[in-house]
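> Please see the structure below; I have some questions.
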Amino acid sequence: MKRMFALLMGLLVLGGMMGMVSAFTPTIDGNDSDWGSLDLLLLDPNSWNTPSSLQEKGLDSQHLQYIWMDTSGDAIDSVDAADVKYIRVTANSSYVYFYIKFTGQLTLGGKNPNAQNIPAVAIIIDSTDGGNKTFGGQVLWGADVKVSDSDPYAWDYLIRVDLNQFSTGGTYDNPAGVDVLDIYGDNVLYDDSNNLVYGDYSIGIYTGDTTTGGGIELKIPKGALGLSDQQFGFYMDFLTVLQTANSGSVQVEDAMDPLSSGSNTLSNFQYADITQVPFFSDSIAMGAVAILLALGAFWFFRRQ
Ligand SMILES: [Ca+2]
Ligand SMILES: [Ca+2]
Ligand SMILES: [Ca+2]
Ligand SMILES: [Ca+2]
């Protein structure tokens, strides 16, 4: 009886530990209240705040993630809707999740070709060898952007949300194999040849107000970003593009890089090591529990 009790207690403790360190699953609705609470003023600017540094600053262990705190107010044309405040990244065994927070309220264009001050945001991923140094035109609403030739990065995937394509906030979900284009009028994921990549992804848009700012939440299958089960990290940069009444053409407004007006060359890719996010991936955690259960049962019955 004592052994049975010890076995049960051991499994309970183990289960608790697994729960504490396994990945969390954000709800894709454009709101990041489900990413854990934290005093943003404590976070380091212009660098990744890693899962361990975030825990030191008060993030609970149920919400391990990376946070890039961007400079607020650094959009080239001072449009708050194009100014990224921070980006959160987390992952589980199947998906990578991104949350992009803006300083200003987001306005949605409803496919008005003459819309101004409505940004498109892109996250550029360098996850595999090779790739392209230039992108733009078709995928970035006319803006031509380049990755610095002197840096090692060459992008492989581009995640794009063009707010001019949407009419209302909320969740845009698509079944695997169907592009969001077919249903809602936007394209989301491209490879480095500007071809669409299909997958079971979702977008949540929260337009917010001028005080709270808006946000975009994304769920992308790991495989659609070239990440295998054994590969746990990627380099990324982001950018927002905008056409203002003054500019007359689309230009880059904000990125991880400190930008100057008219500068469309990016070089500040940052590495997100998503192994640090779910300390055990869900499948590894489940496998470990199954093995320990089997060992425990063997030990228990052998001694009966
Ligand atoms: Ca959410
Ligand atoms: Ca910014
Ligand atoms: Ca690459
Ligand atoms: Ca910036």
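Just so it is clear, none of the values below were taken in a lab; they were calculated from the coordinates. Here the structure is a predicted model, which means the values were calculated and not measured. Ideal geometry is used to build each Cβ from the backbone, glycine not excepted, and the neighbour counts take in all protein chains shown.
> Between residue 93 and residue 61, what is the spin-label point distance in nm, taking each point 7 Å from the Cα along the Cα→C-beta axis?
2.1
> Quote the Stokes-Einstein diffusion coefficient, in whole µm² s⁻¹, for region 26-276, based on the Kirkwood radius over alpha carbon pairs, a temperature of 10 °C and a viscosity of 1.306 mPa s.
Value of D from the Cα-based Kirkwood radius: 88 µm²/s.
> Evaluate E = 1/(1 + (r/R0)^6) for residue 270 and residue 302, where r is the Cβ-Cβ distance and R0 equals 41 Å; express this FRET efficiency to the nearest 0.05. Display every interim value, and only then the final one.
Numbers: r = 52 Å, r/R0 = 1.26.
The pair residue 270/residue 302 has a calculated efficiency of 0.20.
> Go through region 193-208 residue by residue and turn each phi into a ³J(HN,Hα) via Karplus (6.51, -1.76, 1.60, θ = phi - 60°); whole Hz please, and just put x for glycine and proline.
Karplus-based 3J(HN,Hα) across region 193-208 equals 9, 6, 8, 5, 10, 8, x, 8, 10, 9, 10, x, 10, 10, 6, x Hz.
> Mind checking the full-extension length gain between residue 105 and residue 228? Use 0.36 nm per residue of separation minus the Cα-Cα distance, one decimal, nm.
Working: separation 123, 0.36 × 123 = 44.28 nm, distance 3.62 nm.
Contour length minus the Cα-Cα distance gives 40.7 nm.
> I would also like to ask the following. Please report the equivalent ellipsoid semi-axes of region 33-131, computed as sqrt(5 x eigenvalue) of the Cα gyration tensor, largest first, in whole Å.
27, 18, 13
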